[in-house]
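The values are calculated or read from the model by the stated rules, or taken from the named source; none is laboratory data. Because the structure is predicted, anything quoted here is derived from the model rather than measured. Cβ coordinates were reconstructed from backbone atoms using ideal geometry, including for glycine residues, and neighbour counts include every protein chain displayed. In case anyone asks, the SASA skips ligands and DNA or RNA and just uses the protein heavy atoms, side chains included. Shrake-Rupley method; radii C 1.70, N 1.55, O 1.52, S 1.80 Å.
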Amino acid sequence: LNVTEEKFVLDTLAGCIEYKSLLDVVVNAFFVRDGRYCLNSERNLFAVICYLATFQLEELGLQHFSRIVKSLDTAKMQKFLRFFFNTLYLKTWIKDEWSQFYDSLYVKENWIDPLLRWEPKVQQLIEELTDKLSNRPTTVKASKVTQPKEFKLTVPKPRAIPIPLPIPVLEKRQPVPPSTYKPPKEKKQLEEIRRKNRIKAEVTNVNQFKCATMAPEKREVCYKMLNSLKILQYEVQISLKYLKTSYLDIFIDNIPIKLNAAAILREGALYERKMEEELKRIENLLRGAGDPSEFLKWQKQMRGKDLEEKLAEIECRRLQGKLSHEEAVLAHQNVIQENKKKAELMREEKAELMHQYAEKRLQEQKEMRELVEQVVEGHKNAKQAKIKLQKYKQQIVQEVCEENRELLRQALEEEEEKLRKRYELIQQIRAIESLPGIRHKFVDLTETGGHGLICEMSIVELRERLALLREAQKAAEEEKRDQIIHEKQAKEQLLLDKLDQISLFRAELGRAAALKQEERKQKSGERPVKDERILNLQKKITEKTLERKKQAELL
């Protein structure tokens, strides 16, 4: 490129990058409306043309601009210029979209007004492109136009001036209450609470490191509380484990369990470990160690009592929550009943207003119908003349259509004759090509290729070697298969032995569990009476539910 051409290209590229947001507005809108069938790769082309038309048209001049446009695709340029130099689009949405990025006064003076000034000359360029597309000359010979004659119609009578309707006087509206412009009281209360909490937090932050120096008495109390909490947590876990094991021991004999190999080995190892622990315990007893069974029994009883108290406390909380839920449901039902009454009143008022509005609309429709009848009588003669003209035009169109059909039929016959001759020629060429060629070649499979290599062999020798390799591979597979079968049989025998051992242990554990259950049934007497608080709460809940059901039936 020359220096001037290179400068022009670089200036254009820099301008397109600088004003990309403005150009994207126009190009995206063009692709949505008129350029739906244009390629997405041509987006930069339209952006460059938009930049030249908006910012460089004064410097380039119309002659250079039209030369650039005509060197491109005529149909696409005609579409884009017709879309961009639309006066309505420039004054409305293009101006509004560009004003979002720059000042509206600056956009109007520097970009929109120059585009509107160039619009008539660009329209001439668009017409030249349109003529080029339709392949017609620029000068069109004027055809003779039929001059219509006026119909001799009767002059309608002058219409009476309608009496103007009285202007309805609107009712005086109530002024806007002053509370609309004031913040709510709840907001002030929340701000006051927030301020107090901030002051309290600041005070606590000042004294936040005082807890590091604790008195020895307080430290002992804290340690005692932590120890008691840990003991309580351990007791709850033991009691839950006890409940689970008691339920499992009852049905342990009746549950069928399907075991795989890993489960059998795991359970066998477990029972062996348990047996070793039991043997160690017996050895320790023989040596003179103490039996902690009485202490564990007392500990279990105390844990049971603590657990019952906790369960009673949890039941009280649950019943209190249920009671509050019933009270909330009752309050909600009362609100629904009040809302229904208000809705009934509003429906009655609405029905009355609709009735009044319907009467008014019927009166207006009646007046409009009378006015339409008067207008229709005046237009009847004009309609008859239009119908005659339309019939004449339809007759001319039918004659032209018949001539076109005859011409089309002749053209189709000629085209069919050409296609038939072409098809016959193709069939003859294919028949000639399908004749087979005679080729004979004798191959000796016992000879080598004759390439002079050491490892060269004939096809027969290759087949024999492959057969020997297959036989050796089959023998190795058979040997491997026999080894796998022997290993599997040994493993199955081990699993059977483990299953026998497991069944013995399970039978013994089932008998022990049954004995424990019988002892537990004998020791456990009647169930303790429920707590008075729970009974009172249950009574209140039943009363509230009955009241809620009565309220629901009334609703």
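General observations
- Flag if Leu153 is open to solvent by less than 100 Å² (accessible area, probe 1.4 Å) and part of a loop (DSSP other than H, G, I, E, B): yes
- Of the candidates Leu435, Leu425, the single residue that is modelled with pLDDT of 85 or more and either surrounded by 10 or more Cβ atoms within 10 Å (Cβ to Cβ) or more than 57 Å from the chain's Cα centre (by Cα) (or both) is Leu425.
- Flag: Gln301 matches the condition of being farther than 17 Å from Lys544 by Cβ and among the polar types (S, T, N, Q).
- Single condition Lys244 does not satisfy, out of (1) within 19 Å of Gln517 (Cβ to Cβ); (2) at pLDDT 80 or above; (3) open to solvent by 90 Å² or more (accessible area, probe 1.4 Å): (2)
- Just one of the listed residues (Glu518, Glu526) is at pLDDT 75 or above, open to solvent by 60 Å² or more (accessible area, probe 1.4 Å) and either part of a helix (DSSP H, G or I) or acidic (Asp, Glu) (or both), and it is Glu518.
- Remark: Leu115 falls outside the filter, which requires a residue to be in a helix (DSSP H, G or I), among the hydrophobic types (A, V, I, L, M, F, W, C) and surrounded by fewer than 16 Cβ atoms within 10 Å (Cβ to Cβ).
- Restricting attention to segment 21-43, the residues that are in contact (Cβ under 8 Å) with a residue 12 or more places away in the chain and exposed (fewer than 12 other Cβ atoms within 10 Å of the Cβ) add up to 1.
- Any hit, segment 442-464, residues being among the aromatic types (Phe, Trp, Tyr), open to solvent by 100 Å² or more (accessible area, probe 1.4 Å) and assigned to a helix (DSSP H, G or I): no
- In segment 310-362, the qualifying residues are those that are open to solvent by 80 Å² or more (accessible area, probe 1.4 Å) and acidic (Asp, Glu), and the one that is farthest from Lys549 (Cα to Cα) is Glu359.
- Glu58 being in contact (Cβ under 8 Å) with a residue 24 or more places away in the chain, surrounded by fewer than 17 Cβ atoms within 10 Å (Cβ to Cβ) and over 47 Å from the mean Cα position of the chain (by Cα): yes
- Each residue in segment 484-513 was checked for being free of Cβ contacts under 8 Å to residues at least 24 places away in the same chain and either open to solvent by 50 Å² or more (accessible area, probe 1.4 Å) or among the charged types (D, E, K, R) (or both), and 17 pass.
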